[in-house]
Amino acid sequence: MNHGGVEENVRLTTGNKIYTVDTPAVKAYYKKSNIVHYCSDLNDVLASTPAITKVALYGPKENMLHMADYAKNLDFWSDLGTTKFPYHSSGNYRLDVADRNINKGNAVKSIYSTLQPPFGYVCIGNGENDISMFKQAIDNGMIIGVMEDSPQSVKDEMKAYVHSKRKR
């Protein structure tokens with residue numbers, strides 16, 4: 001975090017927790033969330049929390065495009081979108097970065113087998129990293145929501161997968 005970035009514009013997630021710094025702007029943004037854990041130094045979180053699955057960065061589009069290129073060169077998955085942080089009119093962008101080998105399908109399978117939700121679950125996503133999650137949900141007879149802004153390749157793959165399951 002000490003290479004020129006603004007720590008307030010970084011989030012670390014484990015899937016069920018979001019770690020961020022304790023500033024008024026961040027607290028105002030997450031005031032209704034109960035999964036946010038505030039800390040004074042994200043370096044400490046990185047050093048002590050091996051289960052970090054995703055890093056989210058916030059800032060001007062040019063900076064996020066630069067970081068997306070950097071992540072791509074390191075062979076990480078990334079997804080760029082807009083954000084309302086720190087406030088609606090900020091015009092900031094969000095870049096999610098994760099290991100390319102993260103498998104959301106395995107996570108859904110584990111959660112489903114552990115919790116056994118009586119009414120099932122819905123999986124919603126918009127990227128290539130969501131395909132394994134979508135397939136696991138379909139295999140369990142659950143509902144998926146492929147977002148409108150998803151790449152056409154994701155929409156096509158999921159359409160083909162659903163049709164292949166119907167033929168059986």
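The values are calculated or read from the model by the stated rules, or taken from the named source; none is laboratory data. Predicted model only: the values in this text are computed from it and were never measured. Neighbour counts run over all protein chains shown; Cβ positions are idealised from the backbone, glycine included. Side chains included, ligands, DNA and RNA excluded: accessible areas come from the protein's heavy atoms. Shrake-Rupley method; radii C 1.70, N 1.55, O 1.52, S 1.80 Å.
Rundown of residues vs (1) touching a residue at least 24 places away in the same chain (Cβ under 8 Å); (2) of a type in the set (Lys, Arg); (3) not in a helix (DSSP H, G or I), yes/no style:
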{"residue": "Ala71", "(1), (2), (3)": "yes, no, no"}
{"residue": "Pro118", "(1), (2), (3)": "no, no, yes"}
{"residue": "Cys123", "(1), (2), (3)": "no, no, yes"}
{"residue": "Ile131", "(1), (2), (3)": "yes, no, no"}
{"residue": "Glu148", "(1), (2), (3)": "no, no, yes"}
{"residue": "Tyr161", "(1), (2), (3)": "yes, no, no"}
{"residue": "Lys165", "(1), (2), (3)": "yes, yes, no"}
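Mind checking whether some residue in the stretch 73-88 is touching a Ser or Thr at 6+ places or on another chain (Cβ under 6 Å), among the hydrophobic types (A, V, I, L, M, F, W, C) and at pLDDT 85 or above?
The first filter runs over the stretch 73-88 and keeps only residues touching a Ser or Thr at 6+ places or on another chain (Cβ under 6 Å), leaving none.
No, the stretch 73-88 contains no residue that is touching a Ser or Thr at 6+ places or on another chain (Cβ under 6 Å), among the hydrophobic types (A, V, I, L, M, F, W, C) and at pLDDT 85 or above.
Take the conditions closer than 30 Å to Thr23 by Cα, open to solvent by 60 Å² or more (accessible area, probe 1.4 Å) and under 18 Å from the mean Cα position of the chain (by Cα) and apply them to Asp99. Does it pass?
Values: closer than 30 Å to Thr23 by Cα: yes; open to solvent by 60 Å² or more (accessible area, probe 1.4 Å): yes; under 18 Å from the mean Cα position of the chain (by Cα): yes.
Criteria met by Asp99.
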Review point. Out of (1) surrounded by 18 or more Cβ atoms within 10 Å (Cβ to Cβ); (2) at pLDDT 90 or above, the odd one out for Ile124 is which?
Key: (1)
Practice item. Give just the number: which of (1) open to solvent by less than 50 Å² (accessible area, probe 1.4 Å); (2) within 27 Å of Phe76 (Cβ to Cβ); (3) touching a strand residue (DSSP E or B) at 6+ places or on another chain (Cβ under 9 Å) does Tyr161 not satisfy? Key: (3)
